[in-house]
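One structure below.
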Amino acid sequence: MLKFIIRRVAWTIPVILLVIFMTFLMMRQIKGNPFQVTERAVNEATQRTLDRKFHLDQPWYIQYAYYVKGVFTANLGPSLVQRDRDVNDVIKDHFPVSLKLGGLAMLWAVLVGIPLGIIAALKQNTKLDYAVMAVVNAGYALPNFLIATVLIYLFAVKWREHTPFPTNGWGGWETWVLPAAALGHAPMTFFARIVRGSMLETLQQDYIRTAKAKGLRWRRVVGLHVLRNSLIPAVTAAAPLLGFLITGSFIVEFVFGIPGIGRYFVNSVTARDYSVTMGITILLSMIIIFANLLVDILYGYLDPRTRDVRT
Amino acid sequence: MALLEVEDLRTYFKTREGEVRAVDGVSFSLEHSKMLGIVGESGCGKSVTVLSIMGLVQTPGRVVGGSAVFQGRDLVQLKGRELEDVRGHEIGMIFQDPMTSLNPTLTIGTQLTETLRRHLGMNKDQARKRAVELLEEVHIPNAARRLDDYPHRYSGGMRQRVMIAIAISCNPKLLIADEPTTALDVTVQAGVLDLLHELRSIHEMGVIIITHDMGVVAETADDIIVMYAGQIVEQATALDLFDRPEHPYTEALLEALPQVEGEGIREGRLRSISGRPPDLLDPPPACRFAPRCAYAGQDDCATVPPDLREIRPGHWVRSSHPTSERAAAPVGAR
Ligand SMILES: Nc1ncnc2c1ncn2[C@@H]1O[C@H](COP(=O)(O)OP(=O)(O)OP(=O)(O)O)[C@@H](O)[C@H]1O
Ligand SMILES: [Mg+2]
């Protein structure tokens, strides 16, 4: 297992290099130069100094090498638009907020979605199952800005006397609940569906019949034999989801006025703040790579067959 | 008192198309330490019969009638938790496909010890020690080292040995084996069968063995039941059944077997005999074998259901045209 983990971690390095390269390449495809944007045009001597300072006079692979060095030494360069601010500052200020929001949303999705899926599967074709799945399916179709708006309307406006939730902002726990629920709702329904489906499939397996034939208590049959196998698909799906929740919370951040990185990312694109765009892109890619790494390790833990295949 | 006394067992599946009578009035009894073979074509209800005894029939199936009295208790009437105490403890069971019968995500050790801990109240160390002994008993080499392996590291034959080890781990009085060798490589089938017989005599277990392969039961079973379309059509001691089969279906099954040279015993697989078993949703009204029977004539076969009757002591048959009452040649040959 340790060998498997080491191998798997080692594999992420070329992947990260590739991601940096692709981001770098894409940014280079954008015509022009940030210092020549009309209203902030500089004279030629200044331009040359700037070119030298940012290695723009060097061939692309040298620039790439500098950038890779920057990434690995956690120095993503200055913001091109905001004076006196580094990309690092931007990330330091806004990323923790998104990380927390995404993490809380994931927690919501897992803690609510998985039990709902389990209950629905164990009570298959009963009223309870139908009720759970009706809510889940209806919820699945609703976009999260709509859910965010409804939540704000209900909890922060209509029942404002009875609930502690504000309409927007980011501070104590009461400001986290509504955004996390709004963001976590879609993945929650996703988990409920996927867990229900895989539970039903697992319950039909021969080894479950064996477990029953051994006289194990139903609690153990479900809690160990069924659950362990039915959580595998959920775990596999969780990685991209977690990445998506941390990186894709732009809309929810916007609706709730949360100073997260998603919002800042979009701003950087419209402001042509290339170094910020690149920095955030790479950060978010790394999160997704890391989430996948985590899932592979978890997967190896849950499904021993994969360990042998890959080591 | 018999070890297991099954009486008029009925298990029906409620499907959209109607009621499938998978087991339709099966009765038999098994004495202590005896071996009973159940044979018959695919779909005749062999598995559902034993699953009904174990309380393992899946929805939409349900035991709708009859009883299965095991050591004085009717398993059909037992509550879920009481039945759980019997399963794996007093009755062990192994299944057809060892490749899918073990949980792929748990070690062999876990799957062995959980039964011991559940039924015998052993602690972790005791259970592990016993598990190693059990693996040795089913002839797994390097048992101690292989305890922490996952099933995918075991071959099919070894997995079936593990299944057997689990089934016998609590010293059950009854072992049910549902086609234990069908899914195995031919080269390892004999080994697994030998192991079953070895353990059976050591542990003095009663055994019910289901098979397609007459050769499996010919030499070793004490009694044999032939099933057809959810019913028992013939029941006798193995010797009498192979020597003097009475039911036309049994005859056809035995005739379809290749004769092994130099041996008196018939061996081999059940070949398909002409025609197909009836649809259990809508079986023939009287004799279920009549449409395929070479002797079914203009008489009662299509109108009066034949009873299972004792044609001679210990030999039961459900047919109006058993061999020993037959003078004429088959209808078709006339
Ligand atoms: N889930 C189900 N739904 C409907 N009918 C079923 C179901 N399971 C089994 N049956 C019916 O029960 C009958 C007997 O099945 P069973 O598995 O006992 O056959 P078998 O004799 O063990 O055959 P095989 O040799 O193929 O294992 C089948 O013909 C089928 O019609
Ligand atoms: Mg079967």
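The values are calculated or read from the model by the stated rules, or taken from the named source; none is laboratory data. Nothing here was measured: the structure is a model prediction, and the numbers come from that model. Cβ atoms come from the backbone with ideal geometry, glycine included; neighbour counts cover every protein chain shown.
Among the residues in the range A:276-299, are any within 14 Å of another protein chain (Cβ to nearest Cβ), part of a helix (DSSP H, G or I), within 30 Å of A:V112 (Cα to Cα) and not acidic (D, E)?
yes
State whether one or more residues within the range B:22-34 are farther than 26 Å from B:H315 by Cα, aliphatic (A, V, I, L, M), touching a residue at least 12 places away in the same chain (Cβ under 8 Å) and away from every other protein chain (no Cβ under 14 Å).
No: the range B:22-34 contains no residue that is farther than 26 Å from B:H315 by Cα, aliphatic (A, V, I, L, M), touching a residue at least 12 places away in the same chain (Cβ under 8 Å) and away from every other protein chain (no Cβ under 14 Å).
Does the range A:50-72 include one or more residues that are of a type in the set (V, I, T) and under 30 Å from A:T189 (Cβ atoms)?
no
Going by what's in this entry, would A:A109 be described as outside any loop (DSSP other than H, G, I, E, B), out of contact with any Cys (no Cβ under 8 Å at 6 or more places or on another chain), assigned by TED's automatic domain parsing to the domain that holds A:V222 and surrounded by fewer than 12 Cβ atoms within 10 Å (Cβ to Cβ)?
Working: outside any loop (DSSP other than H, G, I, E, B): yes; out of contact with any Cys (no Cβ under 8 Å at 6 or more places or on another chain): yes; assigned by TED's automatic domain parsing to the domain that holds A:V222: yes; surrounded by fewer than 12 Cβ atoms within 10 Å (Cβ to Cβ): no.
Criteria not met by A:A109.
With respect to A:A121, is the statement that it is without any contact (Cβ under 8 Å) to a residue 40 or more places away in the chain, over 17 Å from A:V255 (Cβ atoms) and either assigned to a helix (DSSP H, G or I) or touching a helix residue (DSSP H, G or I) at 6+ places or on another chain (Cβ under 8 Å) (or both) true?
No: the conditions fail for A:A121.
Note down all Cβ pairs under 6 Å where the first residue falls in the range A:71-98 and is of a type in the set (F, W, Y), the second is modelled with pLDDT of 85 or more, and they're at least six residues apart or on different chains.
What qualifies is A:F95/A:I261.
Kindly establish whether B:G191 is in contact with a strand residue (DSSP E or B) (Cβ under 8 Å, 6 or more places away or on another chain), away from ligand 2 (no atom under 16 Å from the Cβ) and of a type in the set (G, A, S). It would help to see each step written out before you state the result.
Details: in contact with a strand residue (DSSP E or B) (Cβ under 8 Å, 6 or more places away or on another chain): no; away from ligand 2 (no atom under 16 Å from the Cβ): yes; of a type in the set (G, A, S): yes.
Here the answer is no, as B:G191 does not meet what is asked.
Quick one: how many residues across the range B:53-71 are within 25 Å of B:G314 (Cβ to Cβ) and within 16 Å of ligand 2 (Cβ to nearest atom)?
Keep residues of the range B:53-71 that are within 25 Å of B:G314 (Cβ to Cβ), which gives B:53, B:66-71.
Going one step further and asking which of them are within 16 Å of ligand 2 (Cβ to nearest atom), we end up with B:53.
Final tally of qualifying residues: 1.
Tell me, which helices (runs of 4 or more DSSP H) lie completely within the range A:163-247 with 3 or more residues that are out of contact with any Phe, Trp or Tyr (no Cβ under 9 Å at 6 or more places or on another chain), at pLDDT 90 or above and more than 14 Å from chain B (Cβ to nearest Cβ)? Steps first, please.
Working: elements: A:177-203, A:206-213, A:227-247.
Ranges flagged: A:177-203.
Identify, by number, the condition in (1) within 16 Å of ligand 1 (Cβ to nearest atom); (2) away from chain A (no Cβ under 13 Å) that B:S101 doesn't meet.
Just one mismatch for B:S101, condition (2).
Quick check, is B:E19 more than 11 Å from every other protein chain (Cβ to nearest Cβ) and surrounded by fewer than 16 Cβ atoms within 10 Å (Cβ to Cβ)? Let's see the steps before the verdict.
Working: more than 11 Å from every other protein chain (Cβ to nearest Cβ): yes; surrounded by fewer than 16 Cβ atoms within 10 Å (Cβ to Cβ): yes.
Considered against the rule, which asks whether it is more than 11 Å from every other protein chain (Cβ to nearest Cβ) and surrounded by fewer than 16 Cβ atoms within 10 Å (Cβ to Cβ), B:E19 comes out as yes.
Let's see how each residue does on (1) within 14 Å of chain A (Cβ to nearest Cβ); (2) touching a residue at least 24 places away in the same chain (Cβ under 8 Å); (3) not charged (D, E, K, R):
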{"site": "B:T105", "(1), (2), (3)": "yes, yes, yes"}
{"site": "B:G109", "(1), (2), (3)": "yes, yes, yes"}
{"site": "B:T115", "(1), (2), (3)": "yes, yes, yes"}
{"site": "B:R130", "(1), (2), (3)": "no, yes, no"}
{"site": "B:E136", "(1), (2), (3)": "no, no, no"}
{"site": "B:Y150", "(1), (2), (3)": "yes, yes, yes"}
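I need every pair where a residue in the range B:85-97 that is more than 7 Å from every other protein chain (Cβ to nearest Cβ) and in contact (Cβ under 8 Å) with a residue 40 or more places away in the chain has its Cβ under 6 Å from the Cβ of a residue that is within 12 Å of ligand 2 (Cβ to nearest atom) and in a loop (DSSP other than H, G, I, E, B), sequence separation at least 6 or different chains.
B:I94/B:P180; B:Q96/B:E179; B:Q96/B:T182; B:Q96/B:A183
Where residues in the range B:39-84 are within 14 Å of chain A (Cβ to nearest Cβ) and polar (S, T, N, Q), which of them is surrounded by the most Cβ atoms within 10 Å (Cβ to Cβ)?
B:S52
Give B:S29, B:S101 a once-over and let me know the one that is touching a strand residue (DSSP E or B) at 6+ places or on another chain (Cβ under 6 Å), of a type in the set (G, A, S) and either more than 16 Å from ligand 2 (Cβ to nearest atom) or at pLDDT 95 or above (or both).
Details: B:S101 fails: touching a strand residue (DSSP E or B) at 6+ places or on another chain (Cβ under 6 Å).
Going through B:S29, B:S101 in turn, just one is touching a strand residue (DSSP E or B) at 6+ places or on another chain (Cβ under 6 Å), of a type in the set (G, A, S) and either more than 16 Å from ligand 2 (Cβ to nearest atom) or at pLDDT 95 or above (or both): B:S29.
State whether one or more residues within the range B:192-208 are of a type outside the set (D, E) and within 16 Å of ligand 1 (Cβ to nearest atom).
Within the range B:192-208, one or more residues are of a type outside the set (D, E) and within 16 Å of ligand 1 (Cβ to nearest atom).
If you go through the range B:17-48, how many residues are within 14 Å of ligand 1 (Cβ to nearest atom), out of contact with any helix residue (DSSP H, G or I) (no Cβ under 7 Å at 6 or more places or on another chain) and either outside any strand (DSSP E or B) or farther than 28 Å from B:M1 by Cβ (or both)?
13
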